[in-house]
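Working notes, beginning with the structure itself.
The values are calculated or read from the model by the stated rules, or taken from the named source; none is laboratory data. Computed from a prediction, not measured in an experiment: that's the story for all the values here. Here the Cβ positions follow ideal geometry from the backbone for every residue, glycine too, while neighbour counts run over all protein chains shown. With ligands, DNA and RNA removed, areas are computed over all heavy atoms of the protein, side chains included. Shrake-Rupley method; radii C 1.70, N 1.55, O 1.52, S 1.80 Å.
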Amino acid sequence: MEEKGLGPSLFSEKANASSPEWLEFFSEKIQAGDDPFLDRFLNVNHPADVAEVLEKLEEDEAFYIFKRCDSELQGSILVEFDEEFQADLISRFQMKEISPILENLETDELSNLISEFPREKAEEILNSIDQEDSSQVRKQLTFREYTAGRLMNTVFASAVESDTVRKAIIKLRKIAKETDDIYHLYITDEDNVLKGYVKLKNLFLAPLNGKVNRLMKTGFTSIHYDTDQEEVAKIFRKYDLVSAAVVDDLGRILGRITVDDILDIVHEEASEDILRLGGVSEEEKMSSSVFTSAKRRMVWLLINLGTASLAASVVSFFGATIEKYVLLASLMPIVAGMGGNAGTQSITLIVRNLATGDLTTGNWKAAIRKEGLVGLFNGFMVGITAGLIVYFFTGNFVLSAVMFMALQANLVIAAVIGTSIPLLLRALGIDPAIASSIFVTTFTDVFGFFCFLGLASLFIRML
């Protein structure tokens, strides 16, 4: 291998998915059937690193490596794949091979996986796994998608408030065999209504004959099963939680959510908003086919075409003015472009603050006022600068004044509209990240052209 000019560190069993050379080397190991090397690779790498490598291999190669793992490791790797890759990989297995893999998954992971399959396939998988797990997953799938009910793990440690510490520890040990990441022992009454929680440290340090209700903390923030996952993430951030109980309408505990689930949500929601701001579906992946990507983007491109036509019609309305003073044609895109940029800045700020909960119905007026003042200040500075540049190159004071006034007005409008549109869309129940940029860009283009060319028409005799 040294003749390829690659350092020996590239050829260790340690995963290096970011290196094309290492991936090529690993693929060669698969083709050569070097099973001892492949087994060492699986032993020394974290399941997340293994999954990252497998997603970048040819599908047949990935399946070959995945088949070499035991069912427990397969489950750990499977949950690290994106949904599309999970479905493709699972579809290659016989139904009798799927059950041992899925039985190693937590209920939230299993529910998330099952929900990605067509109904018939999902039903077939549910019928193939343990009846108790199947019943629990079916129940969890009745909750709305992207809510706490779908997100929760239904395996949790709990004790009745009248239990002794000794009895509570016995219950905790039993549950610990079934699940990981236990942070709290939840305390309930006889009807399973949540009363509080006990930190594990306090539990293990307490006298064994003492009652758990004496250790219980009651200032716990529980989460209703129908709470949106974005709101769940805000609750975790606000109260610095590592785990939270999920309850029903009567306050009975149904499951728990842990901080690792929240990290996934934050990443998912941030990625979704970034993609939507660009008019790209959150379902689109680098591995998506050309046709799939083109189809998903086409809708927004066609909408943009319609809005661009609206801006073009404004320009055509002032055709006579442009004919008299052709230089206007080269300057008007500056006005529209600067308005679009200013509007995008406001959109980005507002969408982010809506997502984090910092912008609410209580302070939206202050947000619009503040952005309007920012637009006023920036419009004045940008307008003065652009006006001076125009005067320097043309020597035409009136044209430079028109440029100044148009930029001043458009940047103020851009800031106000860029703030108002996301708020309006949120009030109408529409995700502001999806459509804000199209509406704001259209408005700033139309207003920018109208303002600039309208002022030019007004002062045409002086140009």
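For this structure, a couple of remarks:
- Qualifying helices (runs of 4 or more DSSP H) (wholly inside the stretch 48-147; at least 3 residues being within 19 Å of Leu38 (Cβ to Cβ)): 59-67, 71-78
- Residue count, the stretch 259-300 (criterion: modelled with pLDDT of 70 or more, more than 19 Å from Asp82 (Cβ to Cβ) and surrounded by 11 or more Cβ atoms within 10 Å (Cβ to Cβ)): 3
- Tabulated pairs, the stretch 202-218, first in the same structural domain as Ile187 (by the TED database), second assigned to a helix (DSSP H, G or I) and polar (S, T, N, Q), C-beta under 9 angstrom, 6+ apart or interchain: Leu215/Asn202; Lys217/Asn202
- Some residue of the stretch 19-41 being assigned to a loop (DSSP other than H, G, I, E, B), at pLDDT below 90, open to solvent by 70 Å² or more (accessible area, probe 1.4 Å) and among the hydroxyl-bearing types (Ser, Thr, Tyr): no
Every residue, every condition in (1) at pLDDT below 90; (2) open to solvent by 80 Å² or more (accessible area, probe 1.4 Å); (3) over 32 Å from the mean Cα position of the chain (by Cα); (4) not assigned by the TED database to the domain that holds Ser134, yes or no:
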position: Val165; (1), (2), (3), (4): no, no, yes, yes
position: His184; (1), (2), (3), (4): no, no, no, yes
position: Lys199; (1), (2), (3), (4): no, yes, no, yes
position: Tyr225; (1), (2), (3), (4): no, no, no, yes
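- Pairing each residue of the stretch 328-341 that is in the same structural domain as Val314 (by the TED database) with any residue that is of a type in the set (S, T, N, Q) and buried (at least 22 other Cβ atoms within 10 Å of the Cβ), provided the two are 6+ apart or on different chains, yields C-beta distances under 8 Å for Val335/Asn410; Ala336/Asn410; Ala336/Thr444; Met338/Asn410; Gly339/Asn410; Gly339/Thr444; Gly340/Thr441; Gly340/Thr444.
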